[in-house]
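Values in this text are rule-based calculations from the coordinates and carry no lab data. Worth saying up front: this structure is predicted, and the values here are computed from it rather than measured. Note that we place each Cβ from the backbone using ideal geometry, even for glycine, and neighbour counts take in every protein chain shown.
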Amino acid sequence: MRGIVRAMATTLGTFVRGPVTREYPERHRPIPQRDRAFPLLLWDFDTDEPFCTGCHACERACPVECMTVLMKDNPAHTSLGGTSKRRKIIDKFWIDYARCMRCNICVEVCNFDAIAMNNTWSGHEISVYDRADLVMDLPQLLAQHKAGAIDEWVAP
Amino acid sequence: MNGEIFGFEINIWLDALARLGLAVGLMTVAAMALIYLERKVIARFQQRLGPTRTGPAGILQSPADALKLLGKEDLRPKNADPWVFELAPYFVFVPIFLVFVAIPFAFGWQIRILELGLLYVLAVSSINIVGWVMAGWGSDNRYAMLGALRAAAQGISYELPLVIALVAVAMVVSLPGDVRGSLNLGEIVTEQGHIPYIVWQPLAFVIFYVAMLAELNRTPFDIPVGESEVVGGPFVEYSGIRWSMFFLGEYTALLLLSLLGAAVFLGGWAWPLGETVAEQNEILGVLYQFGLTAAKTGFLIFTVFWVRATMPRMRVDQLMAFSWKVLLPLSFAQILANGLVLVYGWPDVLLLLASGAGLVLLAVIIDRAVKRPAERPGRPSGALEGEAAT
Amino acid sequence: MVANTHEQEFETQELLINMGPQHPSTHGVFRMVLGVDGEVVTDVVPHIGYMHRGAEKLCETMDFRQGVGYMDRTEYLANFNAELSYVLAVEKLAGIEVPERAQWVRMILCELNRLSSHFMFTGAFGTDVGVFGTAFVYSFREREVLLDLFEEITGDRLMYAYFRPGGLAWEVPDNFESRVHEVLLSAERGIRDMDGLLTQNEIFLARTKGVGAISAADAIDWGMSGPSLRASGVPLDLRRDDPYLYYPQVKFDVITGEAGDVFDRYHVRLKEMRESVRIIEQCMERLADGPILPERLPRMLRTPPGEIYERTEAPRGEYGIYLVSQGGNRPYRLKIRSACLSNLQALRDMTIGHYVADAVVILGSIDIVLCEVDR
Amino acid sequence: MTTEDGAAAPDGASVADAARDYLAGTIWAQVDEALSGITATPVTDEAERSVIDLIVRVPPREVVAALRALRNPEGMNFDYLRSLTAVDLEEEGVDVVYHLYSVETKHNVTIKSRLPVDRLVVDSATAVWRAANWYEREVGEMFGVRFDGHPDPRNLLLPEEMTDFFPLRKSHPLAEIEVLQGEGIAYEEGEL
């Protein structure tokens, strides 16, 4: 009988201790800075253009081939009378969030620190009715950092 | 042929209808409240919150569930036996409500004061096993069948210790004029004004409590409905309103047996000072007596929830062995001891001593039984040897 | 011959019960067909493969860094241990020296992962035995604390992708040590709760003692490993017998059972959790500052031709990586030796002859992860 | 037979010396004794050997005999079958690989057997270890190797009717990923 009494005492103990539940949709738990949801592109506020030069490093390193990158000549390059030092710049960029496995490799291989993992709740609460809506294009990928919503942490 | 309700004279049929309607309505509400309470209490035991989304603290969860279940499609499997399948819920539901006729809530507050109330309660409440078996058989589902057979075996096995434990108490009820023994629930409660019977008959109470858990298919005896084994047992094919009838029946039965236990063992409305307060002030007395009944019933229900939050499930063979080899002999021994004490007119303290000794014996038996590891009851048959997907 | 005809009239037939792939207690998409005589199981046929995703084939197309992320997906309850097997195999094949700090951190994380995995086991096992969710919630309470820590370190709650051939992806956060101590305190309380709820409970004992027993010789013959093998009394723990990382430098006991029954399998795991706490505490003392990656690591890692069968002691048993390289930056053939697959093979032997209710408990006691079984 | 080591000229004598040195550091002597009567050759070539374990090659016909000899409790007592798998070497055939372990002496050994492409058949090891059962089923379905005497040679992980397709062979590359990116997505130049 001792074991039964001990078990009952254990449950009574937790009865007294009170709930540990987090009420998720109402109260968002603060998530750590390193949290990685989905990759995003970063915005260079100095020259007002993306960091990304479209060098294809991430595209090649992606294990699941979820990225498509197209580059173009930078119209704002100094040689063309602009202010930017980037000769080439990203033209089109798609990331299929449905396929992405959030392994952080794209961030690690990027030579320009142009891509980072979203570390806010907005990266976790993506739900859509159509799978094609999970394919993010360049404006969508840039929007969050441009709006200052990302607490930037680029993995070394 | 006129009856009386709240002092007004009305036609006896109207009276009966009113009482029945009151009982059914009240019990449905009470059962829904119990469902909510169970979810909250068990959540607390598990450090969760339980329902929170419907109304303040989720208090409207049960009505919301009821509405949802009402709106659901009433499915019937293609190969099910239509009559048996559709009628089964009523066989579970109706008997349990009938039982309330004899339950005393306060002095004089009974739907009908029956001279053989205890007998009636036990007789009617065991009908619902038929409903379980019907549900299992009619569903044409192997899990349901397995669950129904388990339910039948369990219900019948534990009916006996339950009855005998209650009879042991009914024997020792001392009535005015030096008469012992009564089956009238009102009298049983009234006689506990000074000392409740749990003091004289602790073994009977423990047997009653265990058998009650088993009758209710509650953990650790929730074998017929074991989620992890037979996925809900006899109800696996039910949906919508029929399923909710089973569910409601289950919780009403919980309330009923807790009320019964409170009345027979814990002194119902009478202990402590139930009559004294009533003598001082009639209305206050009735309220106090209702409060006593509610508190004791609530306590019993709380322990049921507590046990549910704690205990693993027993296995079907252990369950049967526990009933037939342990509880039944012990309850017979209890009756025998009571009989000897009564026949020879020995002092009542002996009732307590005999019962207490039985309780110790029960604990020892459980401790010893655990030390023996189980053996494999069966041998391989090779029925599926080399058989591809079946 | 009246008796004879009587018997013929009541000839009984075995009932076949299909459990799974959708069943509350098959731990994922696992299906078994039970032949049942009354309540007694007379035959079991397991069916697996519902989760087969061709992980081995996929890894053949991925370079060694990419493969790490895929290991997580084969073992979603002990990801660090799965990653470890893979990176150790690559490192040994390529001959990379791993810095000391990285190894200690790996050890701490693997043991923490063992804790979280065993918590998951005790919780799920409690539910299998029939506790209405309490064990499950207790274990998830503690697992949540552990996962929070993992998220702070690696950025993800489940698919860590944190180990790299050569070391770690990035440095642990500054408050790592204090956080680990906090988590250990919480885990110890969780172990205590679980112990109090189940271990001595008479009903639990009645349900588990003597059920699903398998002898040491049988267990070895079936290729069982991990706690399920040790419960049968075989003291085989790769952390001690085939050491990797710095396990020879820490003190811990190899827990073994006696009867090899369900209770022993549970109890071995519970005791092992205490050992894990012990190991982590020792690791924390030894953890010193230093680099987490070797100084010279090529940008694209290549291995010389050759092969290796690297095995580590994951929470569920031996997690082996058989890596064949013909030179180049990706495996020529990668085979994942899953502990669960071998443990699951013995299910038939363990279950036959027990009650239906026991079949569920026995399945729970070998703690399968179907992702790992099917790969 | 060449060594990766380019500095030393690969003449026969130095290769043999290197092989002897390598084998001296392994349990080959004991394994050789246990495998008396069976044509077993240790793998010493640096490009083929394992970093940590000894690999022994055995012709397909003698595999089960070799395994039985190694399992013998009076000999090496390799009582634990760690893993059983195969490696597809395309036109060279298929290697069936057995990883053995001795719980008592804690020795490891790997047995390999090369099956020619036109005859992917080997005797089943299920009589030696019951553990071989599912491993062999898996190798059978994935590589098309037939294990003679296997009690239940159905598919294990793959659908049961899928017996003409062997996914882990090199001749069956992964399917191309259907590229969804950029299709039907409106992209306006001025939005940046």
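Tabulated data
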item	result
Farthest toward positive dipole pole in the protein assembly as shown [+1 Lys/Arg, -1 Asp/Glu at C-beta], among B:ALA144, B:GLN280, C:ALA357	B:GLN280
Whole-number D in µm² s⁻¹ for segment B:27-107, Kirkwood Cα-pair radius fed into Stokes-Einstein, 4 °C, 1.567 mPa s	83 µm²/s
Gyration tensor over alpha-carbon atoms, the protein assembly as shown, equivalent ellipsoid semi-axes in Å	63, 38, 27
For C:THR303, distant residues with modelled amide H under 5 Å away	C:GLY328
Pairwise label distance in nanometres, B:GLU282 with D:GLU90, each label 7 Å out on the Cα-Cβ vector	10.4 nm
Least to most buried among C:ASP63, D:ASP152 (fewest other Cβ within 10 Å first)	D:ASP152, C:ASP63
Residue among C:PRO235, C:PRO291, C:PRO227 with the largest mean-square fluctuation in a Gaussian network model of chain C, springs linking Cα atoms under 10 Å	C:PRO291
Derived scalar couplings ³J(HN,Hα) [segment B:205-222; Karplus, 6.51 cos²θ - 1.76 cosθ + 1.60; whole Hz; x for Gly, Pro]	5, 4, 4, 4, 5, 5, 5, 5, 4, 5, 4, 7, 6, 9, 3, x, 10, 7
Burial ordering of B:PHE221, C:PHE176, fewest other beta-carbon atoms within 10 Å first	C:PHE176, B:PHE221
Helical segments meeting 27 Å axial Cα length and Kyte-Doolittle -0.5 threshold in chain C (DSSP H)	C:100-129, C:134-154
Footprinting exposure proxy for C:LYS271, B:LYS68 (fewest neighbouring C-beta atoms within 10 Å first)	B:LYS68, C:LYS271
For segment C:53-347, radius of gyration divided by Kirkwood radius, i.e. Rg to Rh on alpha-carbons	0.97
Separation between Cα centres of segment C:113-148 and segment C:247-302, rounded to whole Å	20 Å
Highest-MSF residue in chain B out of B:PRO82, B:PRO202, B:PRO95 [GNM, Cα springs under 10 Å]	B:PRO82
Unit charges on C-beta of K, R, D, E only; dipole of segment D:133-179, Debye	200 debye
A:VAL135 long-range amide H proximity, modeled H, under 5 Å	A:TYR97
Vicinal HN-Hα couplings computed from phi for segment C:211-222 (Karplus, 6.51 cos²θ - 1.76 cosθ + 1.60; Hz; Gly/Pro x)	8, x, 6, 9, 6, 4, 5, 5, 4, 5, 4, 7
Virtual paramagnetic centre 7 Å along Cα→Cβ of B:ALA321, amide N under 17 Å, in segment B:163-177	none
Computed Kirkwood radius, in angstrom, where 1/r is averaged over Cα pairs of chain B	22.6 Å
Cβ charges +1 (Lys, Arg) and -1 (Asp, Glu), total dipole of segment D:12-191, debye	1260 debye
GNM flexibility winner over chain C from C:MET300, C:MET350, C:MET19 (Cα, springs under 10 Å)	C:MET300
Magnitude of the charge dipole, the protein assembly as shown, Cβ model with Lys/Arg +1 and Asp/Glu -1, debye to 20	1900 debye
Residue among D:THR110, B:PHE205, D:ALA40 farthest towards the positive dipole end of the protein assembly as shown, charges placed on Cβ	B:PHE205
R0 of 56 Å, Cβ-Cβ distance C:ARG53-A:GLU23: FRET efficiency to nearest 0.05	0.95
Sequence-distant lysines (8 or more away, or on other chains) whose Cα lies within less than 23 Å of A:LYS72	A:LYS85, A:LYS88, A:LYS92, A:LYS146
Rg to Rh quotient for segment D:12-191, alpha carbon positions, Kirkwood Rh	1.15
Cβ-based charge dipole, the protein assembly as shown, positive-most Cα from C:ILE308, C:PHE125, C:VAL41	C:PHE125
Of B:LYS296/B:LYS325; C:LYS92/C:LYS335; C:LYS57/C:LYS335; C:LYS57/D:LYS112; C:LYS251/C:LYS271, pairs whose Cα-Cα distance is over 19 Å	B:LYS296/B:LYS325; C:LYS57/D:LYS112
